[in-house]
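J.: I am attaching a structure below and will ask some questions about it afterwards.
Every number here is computed from the coordinates shown, using simple stated rules; none is lab data. Only a predicted model underlies this, so the values are computations on that prediction, with no experimental measurement involved. Neighbour counts run over all protein chains shown; Cβ positions are idealised from the backbone, glycine included.
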Protein chains: 2
Amino acid sequence: MGKVNFIRKFSMFTDHWSPKVIAQMNDYQFKLVKIKGDFIWHNHSDTDEAFIVLEGTMFIELENETIELNEGEMYVVLKGTDHKPYAIDECKIMLVEPKGVINTGNKTSELTSSNDVWI
Amino acid sequence: MGKVNFIRKFSMFTDHWSPKVIAQMNDYQFKLVKIKGDFIWHNHSDTDEAFIVLEGTMFIELENETIELNEGEMYVVLKGTDHKPYAIDECKIMLVEPKGVINTGNKTSELTSSNDVWI
């Protein structure tokens, strides 16, 4: 695997809430996602999940607070924690999590995305 | 743990080649590092290591090629791969790797840094 350029990779897709794998480190994957609008409440019972904002602003709604993340900020949602990501305008983010994690976690919805899609 | 702002964290230290942990996800850590000049040749026998450039330009010298990484680019050095990172001007990067990884890998040098230092 060669080096990865985030801007070049983001230019390769337009869909929202559909993570694309760009790199793997051991059994963990780095995924780029464009997000806009509301995701669904869900949790990942087996793993933490790292959100890194590369462009724009997103929010992670938790039970008792809402985390606002701007470009150059990150947040780790701990395993088992219910969360609902959303973005008012399109936001470009990177997720870091173990290979095999499903984007909607313990829920199935029309937003459930194919897994392990590389670009 | 709250959200992390990379610029704010980078303002908290000035030393080079001394990784600071800013977040943990399962047993993996996110570390910020300021680098300048030459590091040493080394490898990590047990793990891959992800380099993400947040500001500036760095190089990763490998046996048969040199990877140039600019802002918004990343590269994963596979386990067991000899590599020598360097930067001509100061460069700000993030490493992602398992907790416990020593920066100089299989080598000990004056550049060997304390581990698990949080800021």
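J.: Grab the range A:36-119 and count how many Lys pairs have their alpha-carbon atoms under 20 Å apart, sequence gap of 8 or more, or different chains.
T.: For the range A:36-119, the number of qualifying lysine pairs is 8.
J.: Moving on. Tabulate in residue order the Karplus-calculated ³J(HN,Hα) for the range A:9-21, using 6.51 cos²θ - 1.76 cosθ + 1.60 with θ = phi - 60°, rounded to whole Hz; enter x for Gly and Pro.
T.: 5, 5, 6, 8, 8, 10, 6, 9, 6, 10, x, 10, 6
J.: Please give every one of the aspartates and glutamates within straight-line cross-link reach of A:Lys31, meaning a C-alpha to C-alpha distance under 15 Å, and leave out same-chain neighbours fewer than 8 residues apart.
T.: The reachable aspartates and glutamates, counting only those whose Cα sits under 15 Å from A:Lys31, are A:Asp15, A:Asp48, A:Glu49, A:Glu55, A:Glu97, A:Asp116, B:Glu73.
J.: Please work out the ratio of the alpha-carbon Rg of the protein assembly as shown to 2.2 N^0.38 Å and round it to two decimals.
T.: Against the compact-globule rule of thumb, the ratio is 0.99.
J.: When the Cα centres of the range A:27-93 and the range B:71-97 are compared, how far apart do they sit, in Å?
T.: If we compute the Cα centre of each part, the gap is 25 Å.
J.: Quick one: label points 7 angstrom along Cα→Cβ at A:Ser11, distances to the other copies in nm, smallest first?
T.: Distances to the matching label points in the other copies: 3.4 nm.
J.: Go through the range A:20-119 and name the trypsin sites (Lys or Arg not before Pro) that are in a DSSP coil and have 16 or fewer other Cβ atoms within 10 Å of their Cβ.
T.: Sites meeting the loop and neighbour criteria: A:Lys79, A:Lys99, A:Lys107.
J.: Please report, for B:Gly80, the nm distances (one decimal) from its label point, 7 Å out from Cα along the beta-carbon direction, to the equivalent points in the remaining copies, shortest first.
T.: 3.7
J.: If you don't mind, another one. Using amide H atoms built 1.01 Å from N in the peptide plane, name the residues 5+ places from B:Gln29, or on other chains, whose amide H lies under 5 Å from its own.
T.: Those lying under 5 Å, H to H, from B:Gln29 are B:Glu97, B:Lys99.
J.: Given the Cα atoms of chain A, and with Rh set as the inverse mean 1/r over their pairs in the Kirkwood sense, what is Rg to Rh to two decimals?
T.: Reported Rg/Rh, Kirkwood definition of Rh: 0.92.
J.: Turning to a different aspect of this structure: Could you identify which residue out of B:Val76, B:Val53, B:Val96 has the top mean-square fluctuation in a GNM of chain B using Cα springs shorter than 10 Å?
T.: B:Val76
J.: Ok, one more. Enumerate by residue number the GluC sites (Glu not before Pro) in the range B:21-119 meeting two conditions: DSSP loop (anything except H, G, I, E, B), and at most 12 other Cβ atoms within 10 Å of the site's Cβ.
T.: When the GluC sites (Glu not before Pro) of the range B:21-119 are filtered for loop state and at most 12 Cβ neighbours within 10 Å, B:Glu63, B:Glu65, B:Glu110 remain.
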